[in-house]
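Trainee: Structure incoming, see below.
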Amino acid sequence: MTEHIESGWADRVEAIEAGYEFMLAYAAQGRENDDPTSQIRQFLEGMYTALDGLAEVGKQAATHKNVLGSEAFLELIASDGKKTRAALALVIAQDNVSSQLIDNLNASIHVRALLTDLFLIDEILKQSP
């Protein structure tokens, strides 16, 4: 059970971070549109999926590691995750995913807030016994 909770959290954080890193590279390519070889939709969908229930998995991991004071912060992750998922859904629904569109998504305060939330809580979870 312990490994499952921790790996579930780690897998989700990895999918979100990998997606963001891919988005940064994609934005720099100057593409007018996406194509099947670009993989941008795979990364966006991976992030979207990883965000579903992320705060609950984080709560399980924090409870398991006895991280004090995490409840309110995990509510922030739930809120920022919901906003980021909405932005991802908007982009995924478009027929064309250009580099400029992804650059604008990268700049979204919701995406950036979520990432910094994840960096903070993930580091605390890693340091907890």
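Trainee: Can you check what the net charge comes to around Leu51, using other residues whose Cβ is under 14 Å from the Cβ of Leu51 (Lys, Arg +1; Asp, Glu -1)?
Mentor: -4
Trainee: Between Gln100 and Ser128, what is 0.36 nm times their sequence separation minus the Cα-Cα distance? Round to one decimal in nm.
Mentor: Length gained, Gln100 through Ser128: 6.1 nm.
Trainee: Using Cα atoms only, what is the angle between the long axis of helix 40-51 and the major principal axis of the chain, expressed in degrees (0 to 90) to the nearest 10?
Mentor: 20
Trainee: Return the lysines within reach of Lys83: Cα separation strictly under 21 angstrom, same-chain partners fewer than 8 residues apart disregarded; answer none if there are no such residues.
Mentor: Leaving aside lysines fewer than 8 places away in the same chain, those within reach of Lys83 are Lys59.
Trainee: Give the Kirkwood hydrodynamic radius (Å, one decimal) of the chain, defined as one over the mean of 1/r across all pairs of different Cα atoms.
Mentor: Its Kirkwood hydrodynamic radius stands at 15.1 Å.
Trainee: Another question, then. How high is the relative contact order of the chain, in percent, counting Cα pairs under 8 Å that sit 6 or more residues apart?
Mentor: After rounding, I find 35 percent.
Trainee: Calculate for the chain the 222 nm mean residue ellipticity that helices alone would give, adding -39,500 (n - 2.57) per DSSP H run of length 4 or more and normalising by residue count, nearest 500 deg cm²/dmol.
Mentor: Theoretical 222 nm ellipticity from helices: -25500 deg cm²/dmol.
Every read-out reported here was derived from the displayed coordinates using simple, explicitly stated rules and does not represent laboratory data. Owing to the predicted nature of the structure, the values given are computational and were not obtained by experimental measurement. Note that each Cβ is placed from the backbone with ideal geometry, even for glycine, and that neighbours are counted across all protein chains shown.
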